[in-house]
1. Give just the number: which of (1) modelled with pLDDT under 95; (2) within 30 Å of ARG14 (Cβ to Cβ) does ALA59 not satisfy?
2. Name the single residue that is nearest to ARG20 (Cα to Cα) among those in the stretch 88-102 being within 19 Å of the chain's Cα centre (by Cα) and not small (Gly, Ala, Ser).
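The values are calculated or read from the model by the stated rules, or taken from the named source; none is laboratory data. Treat the numbers as computed from the prediction; the structure is a model and nothing was measured. Methodologically, a virtual Cβ is constructed for each residue, glycine included, from the backbone with ideal geometry; neighbour enumeration extends over all protein chains shown.
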Amino acid sequence: MQRESIDAIEANPRYQQLVRSRKRFAWVLTLLMLGIYYGFILTIAFAPELLAIPVAEGAIMTIGMPLGVVIILSAFLLTGIYVARANGHFDRLTKEIQEEAR
């Protein structure tokens with residue numbers, strides 16, 4: 001791309017909105033995932049008895065095991081949410097901005 005084209009795209013208000021919204025969305029998902037992970041770690045550190053509760057009466061497995069699996073699956077879920085938004089909304093805005101610059 002020519003430097004003029006790059007400057008025109010960077011000056012486009014829609015491009016600036018795209019950058020801001022993508023950054024905000026990524027930060028929200030990042031903070032959510034960090035909250036989930038650190039919440040689990042803080043529970044392990046300060047209230048391990050909560051994770052030691054059996055899943056059912058007489059069961060060997062405790063709540064901590066399924067909760068750990070849910071935390072791992074939440075990472076996949078949040079990644080899927082980001083990919084869906086990036087491939088849909090953000091890509092559409094990017095194409096529109098590119099077409100305006102031509």
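1. Condition (2) is where ALA59 drops out.
2. To start, the set of residues in the stretch 88-102 that are within 19 Å of the chain's Cα centre (by Cα) comprises 88-91.
Next cut, not small (Gly, Ala, Ser) only: 89-91.
On the way: HIS89: 13, PHE90: 11, ASP91: 14 Å.
Here the residue is PHE90.
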